[in-house]
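**Student:** Before anything else, here's the structure in question.
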Amino acid sequence: MKTLCGSLKRLAIFALFPVARLYWRVAKPKTFGVKVVIRNADKILLIRHSYQPHFWSFPGGSIKTSERPYDAAVRELREELQIALLDLREVGRVESTSEGKHDTITVFSARTEDSPMVDEVELIEMRWFSHTNLPNLGPTVRKILSCYNSQEQ
């Protein structure tokens, strides 16, 4: 039953995402989110969302009203990957208008000792990548990686 429920939720998210993108293009709302670059030795963790399966991204999500970015990062990683974060620290902010909305993304760096598990609703895949062998990344993900790299050197 859990798999059926998860599949129905995933289908709903997939179906409604184009509607959200259309709204963003018309209304151009200001949104706030977090992304976390999780490292393990020389590798970083990337994920693919069920509603954007062709693109790799960093885990994270929206900041709720009255929520601090730090708390949003902890919550989102617990929800998406069922992991606790170690050494979580803010490394900067990135602005993005690639989806039509004006999104301010707080970028964090962290590590984990947990084994990430993909949430069956939002995510379809996660994988560790070497810094020297990354998949195709969209412009916002490249900005996030650049922000992270500028603070880690």
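Derivation of every value follows stated rules applied to the coordinates shown; laboratory data play no part. The shown structure was predicted, so the numbers you read here are calculated from the model rather than taken from an experiment. Positions of Cβ are generated from backbone atoms using ideal geometry, with glycine treated the same way; all protein chains shown enter the neighbour counts.
**Student:** As a test of understanding, state the convex hull volume per residue of segment 71-153 from its alpha carbons, in Å³. Spell out each step's value before the answer.
**Tutor:** Values: hull volume 10.2 nm³, N = 83.
Considering the Cα atoms of segment 71-153, their hull volume per residue is 123 Å³.
**Student:** What distance in nm separates the two pseudo spin-label positions at Phe55 and Arg75, each 7 Å out from Cα along the beta-carbon direction?
**Tutor:** Taking the simple label geometry, Phe55 and Arg75 are separated by 2.3 nm.
**Student:** Tell me, Ser150, Ser66 in order of fewest to most beta-carbon neighbours within 10 Å?
**Tutor:** Details: Ser150 10, Ser66 6.
Fewest-to-most Cβ neighbours within 10 Å comes out as Ser66, Ser150.
**Student:** Still on this model: Report the calculated FRET efficiency for Arg68 and Asp42 (r = Cβ-Cβ distance, R0 = 41 Å), to the nearest 0.05. Walk me through the numbers before you get to the answer.
**Tutor:** Values: r = 31 Å, r/R0 = 0.74.
Between Arg68 and Asp42 the formula returns 0.85.
**Student:** Follow-up question, since we're still on this one. Subtracting the Cα-Cα distance from 0.36 nm times the residue separation, let me have the gained length for His131 to Ser98 in nm, one decimal. Working shown, then result.
**Tutor:** Working: separation 33, 0.36 × 33 = 11.88 nm, distance 2.38 nm.
Going from the current span to full extension adds 9.5 nm.
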